[in-house]
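Right, one structure below, let's go through it.
The values are calculated or read from the model by the stated rules, or taken from the named source; none is laboratory data. The structure displayed is predicted, hence computed values, not measured ones. Heads up, the Cβs are rebuilt from the backbone with ideal geometry, glycines too, and the neighbour counts pull from every protein chain shown. Each accessible area value is taken on the protein alone, full model and side chains, heavy atoms only, with ligands, DNA and RNA left out. Shrake-Rupley method; radii C 1.70, N 1.55, O 1.52, S 1.80 Å.
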Amino acid sequence: MSRFPDLLRLAAFTGLVAAGAPAAAQGDAAAGEQAFRQCSACHAVGSGAANRVGPQLNDLIGRTAGGAEGFRYSPALTTAGDEGLVWGSETLDAFLADPRGNIPGNRMAYAGMRDGAMRGNVIAYLASFSEAAADDAAAAPEEETPAPEVAAAPSTPETAPVPQVEATPGEAPVSARGTHGTFGLGRVATETEIAAWDIDVRPDGHGLPEGRGTVLDGEEIYIAQCAFCHGDFGEAVGRWPVLAGGQGTLDHESPEKTIGSYWPYLSTVFDYVRRAMPYGNARSLSDDEVYALTAYLLYLNDVVLDEEFELSNENFLDVRLPNEANFIDDDRYEEPHYVRPTEVCMSGCIEGDAEIVMRAAVVDVTPEGPEGGAGID
């Protein structure tokens, strides 16, 4: 619930805005609360809000960019604040529409909120938790609410123009490549766009970028970016994945499958962290930071014991995870079914009577026999 209900009523029903006050106060804060759910994976707002993957957003309106106490911002966002960027209706609207384009180099991985009305609603919702916005709204003079503009009718699929995207030098223009499918939707990805996602790393080291990072460097990054979900020592918080421990549990009824107990290759760790972490802010880590985090995860799992250990593209293949030997190559195509294709047997496949040697332990999985028994014999 908003801390400033009067502001919500003012924003949602009267449309009154002070000159120079946040124009997004005209948005629907109630609708903004619903839209904010896509932001809540990283940000908190309201009573008890604390920094998470992203900073807490109480009193955001009027705050200098990079100014949330106790949060580790990217240099790009800190610089923007030092240069005078203050969060208000217009600056937030521009940032939410295109975070990476608006402040290049910041770590926010969110692609952007394209719907302008939705952005206004979210900003109105955030304004309801900002003292500065409440003060501006209280001082707002009454104005007539302008009549809504009537939007032009959208083009029909038959006449809608194909979006033109400027091609990278040396590549054919998008218009020359055509579109996919019978509905004229989409276009062929450019070589530059493909290269941006071609970042997989194989167990043989193919795809590894140049870089290096130490266990101690990784510890700092882990505490700031990962511990909120995965625990201070990889033990996990709530139902988030456990990252460390579990050695010797693979033959237990409930094995603990961690990097140190189960995963086969270090390249899997590196690739996943680089591609998908931190949660809600993927692709925000530099290659050196990924090397450092991977080194720290090795340390948490006792694969390396030296706090001064430095992992790099030069020694990466020297590290072996404990369970690697228990994984085998996929040999399904050597099985008779694949080697000698034959017609599937549908009747008379077994000579004599079949013998049941074991029943499922879960009741109702194996049909009951004449004696009415189920379970393991």
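See the values below:
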item: With all protein chains modelled, accessible area of residue 345 [1.4 Å, Å²]; result: 70
item: Karplus-derived HN-Hα couplings along region 83-89 (A = 6.51, B = -1.76, C = 1.60, θ = phi - 60°), whole Hz, x at Gly and Pro; result: 8, x, 6, 10, 6, x, 4
item: Label-point gap, in nm, between residue 302 and residue 202 - each point 7 angstrom along Cα→Cβ; result: 3.4
item: Accessible solvent surface per residue of region 280-332, calculated while the other protein chains remain in place, 1.4 angstrom probe, Å²; result: 54
item: Fully extended contour minus Cα-Cα distance, from residue 315 to residue 357, at 0.36 nm per residue; result: 10.1 nm
item: Region 48-92-region 206-224 distance, computed between alpha-carbon centres (Å); result: 26
item: Label-point gap, in nm, between residue 72 and residue 257 - each point 7 angstrom along Cα→Cβ; result: 3.0
item: Segments 231-242, 321-332, 67-78 sorted - mean Cβ within 10 Å per residue, highest first; result: 67-78, 231-242, 321-332
item: Relative contact order [Cα under 8 Å, 6+ residues apart], region 209-332, whole percent; result: 36
item: Volume of the Cα convex hull of region 185-318, divided per residue and given in Å³; result: 146
item: Label-point separation in nm, residue 236 to residue 347, each point 7 Å along Cα→Cβ; result: 5.0
